[in-house]
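I have placed the structure first, in the form of structure tokens, so that the comments after it can refer back to it.
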Amino acid sequence: MEVNVLTGTLLETNNYILESNGKVVLIEASANLNSVKELVKDKEFVAILLTHGHWDHYINIEKFAEEFKCPIYLTEQANEKINTKEKAFYADRNPKVDLTPYKLIYIKDQDVLDFGNDLKFKVLATPGHTNCSVCYLACVKDETLLFSGDTIFNNGIGRCDLPTGSPKEMKESIKKILNLPEKTVIFPGHGELTMLQIEINNLQQL
Ligand SMILES: [Zn+2]
């Protein structure tokens, strides 16, 4: 699996473009559509995965769904957040996004999403930053990759003070992540990638 990253919005949210034998999965949907198209070219775009319902992660989702005609995977709570201003991240900046014309697939903890080739992911529900936060775990050959959204960053964790955030749930989610192999490579929603073994000391102290 080849991992490419493009950032989107002023918050520089990482969008991961994952390719394996001509198939592509996009994690998050806030990058520039044309930049993604240029990277993907004629490859088959099979899915968009969202880690949670904050606008800096999905602001261009309608454009992607329209262009690539692929299903969108998200939690039911993430869709609710996208549709409900009060629960959103900075409600006044929340864009109006209507996902009803698109194929939505609701995911939950421990679901396995298998798109063929190496594009196989396990969903880990990791509430804390929001009630709808998930991480996507991929095992490719002997490597473990974690797409961690805003749950874990390089040298930090996501805020828990936004609507539906919970420091208590975040602690439990971090515990879950600490059970993964130490060599897990972490691809966060913002900032540089890292490894669990680098973050472990900080995370154990939370
Ligand atoms: Zn967020």
**Study point:** Long-range neighbours under 7 Å by Cβ, at least six apart or interchain, first residue under 18 Å from Leu119 (Cα atoms) within segment 30-58, second assigned to a helix (DSSP H, G or I) and away from the ligand (no atom under 16 Å from the Cβ)
**Key:** Phe45/Phe68; Ile48/Phe64; Ile48/Ala65
Point to revise | Single unsatisfied condition, Met1 versus (1) touching a residue at least 60 places away in the same chain (Cβ under 8 Å); (2) of a type outside the set (Asp, Glu); (3) under 27 Å from Gly165 (Cα atoms); (4) touching a Leu at 6+ places or on another chain (Cβ under 8 Å) | key: (3)
Review point. Glu199 is checked against (1) in contact with a strand residue (DSSP E or B) (Cβ under 9 Å, 6 or more places away or on another chain); (2) within 12 Å of the ligand (Cβ to nearest atom); (3) among the acidic types (Asp, Glu) and fails just one. What number does that condition carry?
Key: (2)
**Study point:** Residue under evaluation Gly165, criteria (1) surrounded by 13 or more Cβ atoms within 10 Å (Cβ to Cβ); (2) more than 16 Å from the ligand (Cβ to nearest atom); (3) part of a loop (DSSP other than H, G, I, E, B), criterion not met
**Key:** (2)
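On the given criteria, is Phe147 of a type outside the set (A, V, I, L, M), within 15 Å of the ligand (Cβ to nearest atom) and either in a strand (DSSP E or B) or under 20 Å from Gln197 (Cβ atoms) (or both)?
yes
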Check your understanding: Which of the residues that make up segment 124-144 are assigned to a strand (DSSP E or B), within 15 Å of Glu28 (Cα to Cα) and within 16 Å of the ligand (Cβ to nearest atom)?
Key -> Val134, Cys135, Tyr136
Point to revise | helices (runs of 4 or more DSSP H) lying entirely in segment 13-88 (those with 2 or more residues that are within 14 Å of the chain's Cα centre (by Cα) and under 22 Å from Arg159 (Cβ atoms)) | key: 55-58, 76-83
Point to revise | Test for Phe121: is it away from the ligand (no atom under 16 Å from the Cβ) and in contact with a Phe, Trp or Tyr (Cβ under 7 Å, 6 or more places away or on another chain) | key: yes
Exercise for review: Identify, by number, the condition in (1) more than 16 Å from the ligand (Cβ to nearest atom); (2) at positive phi that Ile107 doesn't meet.
Suggested key: (2)
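Among the residues of segment 22-57, count how many are within 16 Å of the ligand (Cβ to nearest atom) and either touching a Gly at 6+ places or on another chain (Cβ under 7 Å) or modelled with pLDDT of 95 or more (or both).
Result for segment 22-57: 10.
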Exercise for review: Six or more apart or on different chains, Cβ under 9 Å: which pairs go from a residue in segment 172-201 that's within 18 Å of Val140 (Cβ to Cβ) to one that's among the hydrophobic types (A, V, I, L, M, F, W, C) and in a loop (DSSP other than H, G, I, E, B)? Could you list them?
Suggested key: Val185/Leu193; Ile186/Leu193; Phe187/Leu193; Leu196/Leu180
Point to revise | Condition check for Ser148: over 15 Å from Tyr16 (Cβ atoms) and of a type in the set (Ser, Thr, Tyr) | key: no
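The values are calculated or read from the model by the stated rules, or taken from the named source; none is laboratory data. Values in this document were obtained by computation on a predicted structure and should not be read as measured data. Quick reminder, even Gly has a Cβ in these numbers, built from the backbone with ideal geometry, and neighbours come from all protein chains shown.
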